[in-house]
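The values are calculated or read from the model by the stated rules, or taken from the named source; none is laboratory data. Computed from a predicted structure; not experimentally measured. Counting neighbours? That spans all protein chains shown, and the Cβs are built from the backbone with ideal geometry, glycine included.
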Ligand SMILES: Nc1ncnc2c1ncn2[C@@H]1O[C@H](COP(=O)(O)OP(=O)(O)OP(=O)(O)O)[C@@H](O)[C@H]1O
Ligand SMILES: [Mg+2]
């Protein structure tokens, strides 16, 4: 088996309105793949087609080689799915919810009870396992969502915006949990999100979708290189004091494309190595460079550039 997910020219039109068009997506076993794109780009529609919950207008979606449209039960058996807006029965406790989900998946209570303890512990809900889910915060509900995904021992997990509306600390816990789940159990993860720094932190590869198309794909490093072309790099310069004329003088150096400053930091986009010239300008202006280092593009910069290019 080569790909966990493979879509071939996958397309979906709702009454003639395009949601996804000729999407070719491939996800490897064990990887955490981030699906990025603005509202309405087609992320959720793609996910629903992968799960066999909506039918493609044309093209195919395969999960572990199973056709999502003609063999949806086989896909569902090995796939865990956390929808965008997950909801549970409010008067069940966390433990009862998990038992219920286990039953739905054909796991007898005798077998599920130790598994439930284990899963509750791994998502950090052991202490509230007897609390009614209706009284959970959004972050707790989301963790319970991940627990319901884990209880069925999936090989592949799809998480649609798992951290939206959760505070930074809670989101960070959920991200750690996703990485742990993927690494420890070799689970392949497809994660859709708008939150670029979160995606950057945990994804091995990302795909950027715009109007139903995949417009960019790769590791963040690869995407950065692609966007930048071969020659462009970033320099980050910390100066002892930001003199008013420094940024303008640096802009005049040949090869410098863009200069931004904030506090005593300068961020310089350039198409060649200009470190010597930058140092000289800084010293000539009467202060000192404390640090000059080159850095890669952030996912945020990559993403914005993809959409600027159109
Ligand atoms: N059930 C539906 N009926 C009609 N149009 C739909 C339906 N579901 C989605 N669409 C349309 O398909 C397009 C893609 O929507 P989709 O929900 O896949 O986007 P998304 O990338 O998940 O967006 P978001 O980031 O807002 O969740 C949008 O134009 C949307 O209006
Ligand atoms: Mg969506």
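A few remarks follow.
- Subset of the stretch 17-45 (residues that are over 16 Å from the mean Cα position of the chain (by Cα) and within 16 Å of ligand 2 (Cβ to nearest atom)): 17, 18, 19, 20, 23, 40, 45
- Hey, residue 301 at pLDDT below 90, closer than 30 Å to residue 214 by Cα and either over 28 Å from the mean Cα position of the chain (by Cα) or part of a loop (DSSP other than H, G, I, E, B) (or both) or not: no
- Test: residue 61 is surrounded by 22 or more Cβ atoms within 10 Å (Cβ to Cβ), on the phi < 0 side of the Ramachandran plot and in a loop (DSSP other than H, G, I, E, B): no
- Any hit, the stretch 129-140, residues being touching a strand residue (DSSP E or B) at 6+ places or on another chain (Cβ under 8 Å), modelled with pLDDT under 90 and buried (at least 16 other Cβ atoms within 10 Å of the Cβ): no
- Flag for residue 125 being crowded, with 18+ Cβ neighbours inside 10 Å and either at pLDDT below 95 or within 16 Å of ligand 2 (Cβ to nearest atom) (or both): yes
- Evaluation of residue 153 against (1) more than 16 Å from ligand 1 (Cβ to nearest atom); (2) outside any helix (DSSP H, G or I); (3) at pLDDT 90 or above; (4) within 24 Å of residue 76 (Cα to Cα) (one fails), failing number: (3)
- From the list 246, 268, the one residue that fits, being modelled with pLDDT of 85 or more and closer than 30 Å to residue 37 by Cβ, is 268.
Rundown of residues vs (1) surrounded by fewer than 14 Cβ atoms within 10 Å (Cβ to Cβ); (2) more than 17 Å from the chain's Cα centre (by Cα); (3) assigned by TED's automatic domain parsing to the domain that holds residue 20, yes/no style:
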| residue | (1), (2), (3) |
| --- | --- |
| 206 | no, no, yes |
| 251 | yes, yes, no |
| 272 | yes, yes, no |
| 276 | yes, yes, no |
| 285 | no, yes, no |
| 291 | yes, yes, no |
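- Checking 53, 48, 73 one by one, the residue that is over 26 Å from residue 223 (Cα atoms), free of Cβ contacts under 8 Å to residues at least 40 places away in the same chain, within 16 Å of ligand 2 (Cβ to nearest atom) and outside any loop (DSSP other than H, G, I, E, B) is 48 and no other.
- Yes/no for residue 29 being away from ligand 1 (no atom under 11 Å from the Cβ) and either assigned to a strand (DSSP E or B) or touching a residue at least 60 places away in the same chain (Cβ under 8 Å) (or both): yes
- The residue pairs whose first member lies in the stretch 90-115 and is without any contact (Cβ under 8 Å) to a residue 24 or more places away in the chain and in the same structural domain as residue 73 (by TED's automatic domain parsing), whose second member is surrounded by 15 or more Cβ atoms within 10 Å (Cβ to Cβ) and outside any helix (DSSP H, G or I), and whose beta carbons are closer than 7 Å, counting only pairs six or more residues apart or on different chains, are 100/92.
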